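> Here it is: the structure, laid out below.
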Amino acid sequence: MGAGHASRLHRPGDTLVHRLPPQCKLVAVAGFALVVVATPREWFWAFGLYAVLLAVVAVLARVPAGFVLRRMVVEVPFVVFALAIPFIGSGERTTFMGLSLSVAGLWAAWNILAKATLGVAASVLLAATTEPRLMLLGAQRLRLPPLLVQIAMFMLRYLDVILDEMRRMRVARESRGFTARDVRHIPVIARSAGALFIRSYERGERVHLAMLSRGYTGTMPVIQDVSAASRQWLAAGMLPGAALAVLLGSWGVT
């Protein structure tokens, strides 16, 4: 696999979190997400503690809060959907600032917002401390389906190539005086999209033939060791372990 390209989500660093093997961080984030999802929506303080745990990880990784917040914009569609639920929900209703809101809808909105926000924040921290190519190597170490991992590897490798091809096609259209203004120009854009697809497909064929000529048999060589020691697994397990302790402690209290 090639070196890939720089990611806007990744923040280079040399912290304890950055140095952890990618497979450890993948398992840690997945375990943390499972604990968050399993937490009853009524336990407000538990969600607060989960947020504190993520804040501790961000501090250890030296990832600024602004960096995380700017990249959590991906959650906006979920926020919009969650905010709409109290208005369209059925059942018992309550009044707030003159608005009639569904009680069940309010609980559902809180459940979505709290758990989605924590999950997205954990994912942002994972991406900020792990290069995309290393994340895929970690997935390979975790024995994820090899074909899916290889597809993701090539997507990562050639995404910039395809985007650059699309950019050149746009410049070529504009240099000939074309500017998309209304629906009459949709056929031109459609033909450009078709041409881009054909070029991408042909490039994929050429790359596949080049790989076969170099001895490709269905597996990609791994040139970087991402093995993990027991202490690294233990360090990565502190996040889901602490979250699980909060959950089990809550069950004990209640």
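> Of all the helices (runs of 4 or more DSSP H) wholly in the stretch 146-254, which have at least 3 residues that are among the hydrophobic types (A, V, I, L, M, F, W, C) and under 26 Å from the mean Cα position of the chain (by Cα)?
On the way: elements: 146-175, 186-213, 230-236, 238-253.
In the stretch 146-254, the matching helices (runs of 4 or more DSSP H) lie at 146-175, 230-236, 238-253.
Conditions tested, residue by residue: (1) in contact with a Pro (Cβ under 6 Å, 6 or more places away or on another chain); (2) farther than 28 Å from Arg141 by Cβ.
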residue: Met153; (1), (2): no, no
residue: Leu156; (1), (2): yes, no
residue: Glu174; (1), (2): no, yes
residue: Ala180; (1), (2): no, yes
residue: Met211; (1), (2): no, no
residue: Val226; (1), (2): yes, no
residue: Met238; (1), (2): no, no
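> Here's something else I'd like to know. Can you pull out every residue in the stretch 147-188 that is farther than 29 Å from Met220 by Cβ and of a type in the set (Gly, Ala, Ser)?
Ala172, Ser175, Gly177, Ala180
> Of everything in the stretch 123-151 that's of a type in the set (S, T, N, Q) and either within 25 Å of Phe67 (Cα to Cα) or at pLDDT 90 or above (or both), which residue is most open to solvent (accessible area, probe 1.4 Å)? Before you say what the answer is, go through the steps one by one.
Quick first cut of the stretch 123-151, residues of a type in the set (S, T, N, Q) only: 123, 129-130, 140, 150.
Now drop any that are not either within 25 Å of Phe67 (Cα to Cα) or at pLDDT 90 or above (or both), which leaves 123, 129-130.
Working: Ser123: 59, Thr129: 8, Thr130: 4 Å².
Once the filter is applied, the top-ranked residue is Ser123.
> Let me spell it out: the conditions are (1) closer than 30 Å to Thr219 by Cβ; (2) of a type outside the set (Asp, Glu); (3) within 19 Å of the chain's Cα centre (by Cα), and Phe78 meets all of them except one. Which number is the exception?
Phe78 satisfies every listed condition except (1).
> Considering only the stretch 154-163, state which residues are at pLDDT below 85 and touching a Leu at 6+ places or on another chain (Cβ under 8 Å).
The one that is at pLDDT below 85 and touching a Leu at 6+ places or on another chain (Cβ under 8 Å): Leu156.
> Now a separate question. So if I check each of Arg143, Arg184, Arg167, Arg173, which one is on the phi > 0 side of the Ramachandran plot and free of Cβ contacts under 8 Å to residues at least 60 places away in the same chain? Outline the logic, then answer.
On the way: Arg184 fails: on the phi > 0 side of the Ramachandran plot; Arg167 fails: on the phi > 0 side of the Ramachandran plot; Arg173 fails: on the phi > 0 side of the Ramachandran plot.
Answer to the selection: Arg143.
> So, one more: Could you check how many residues of the stretch 210-233 are small (Gly, Ala, Ser), exposed (fewer than 10 other Cβ atoms within 10 Å of the Cβ) and at negative phi?
Of the stretch 210-233, the ones small (Gly, Ala, Ser) are 210, 213, 215, 218, 227-230.
Now narrow it down to the ones that are exposed (fewer than 10 other Cβ atoms within 10 Å of the Cβ): 213, 215, 218, 227, 230.
Pick out the ones that are also at negative phi and you get 213, 227, 230.
Residues that pass the stated criteria total 3.
> Any idea which residue in the stretch 186-206 is surrounded by the fewest Cβ atoms within 10 Å (Cβ to Cβ), counting only those that are of a type in the set (Val, Ile, Thr) and at pLDDT below 90?
First, the residues of the stretch 186-206 that are of a type in the set (Val, Ile, Thr): 186, 188-189, 198.
Checking the rest, the ones that are also at pLDDT below 90 come to 186, 188-189.
Values: Ile186: 10, Val188: 12, Ile189: 13.
Checked the stretch 186-206; the qualifying residue surrounded by the fewest Cβ atoms within 10 Å (Cβ to Cβ) is Ile186.
> Related question: Taking the criterion of being surrounded by fewer than 15 Cβ atoms within 10 Å (Cβ to Cβ), acidic (Asp, Glu) and over 21 Å from Arg8 (Cβ atoms), would at least one residue in the stretch 152-174 satisfy it?
Yes: one or more hits.
> Being more than 20 Å from the chain's Cα centre (by Cα) and among the basic types (Lys, Arg) is the filter here, so list the residues in the stretch 4-57 that pass it.
Arg41 - this is the single residue of the stretch 4-57 that is more than 20 Å from the chain's Cα centre (by Cα) and among the basic types (Lys, Arg).
> If you don't mind, another one. Does Arg93 fit the bill of being open to solvent by 40 Å² or more (accessible area, probe 1.4 Å) and more than 18 Å from the chain's Cα centre (by Cα)?
Details: open to solvent by 40 Å² or more (accessible area, probe 1.4 Å): yes; more than 18 Å from the chain's Cα centre (by Cα): yes.
Spelling it out, Arg93 is indeed open to solvent by 40 Å² or more (accessible area, probe 1.4 Å) and more than 18 Å from the chain's Cα centre (by Cα).
The values are calculated or read from the model by the stated rules, or taken from the named source; none is laboratory data. Fair warning: this is a prediction, and the values are worked out from it, not measured in the lab. Glycine gets a Cβ as well: all are built from the backbone with ideal geometry, and neighbour counts include every protein chain shown. Ligands, DNA and RNA are stripped out before the accessible areas are found, and what is left, the full protein with its side chains, is counted by its heavy atoms. Shrake-Rupley method; radii C 1.70, N 1.55, O 1.52, S 1.80 Å.
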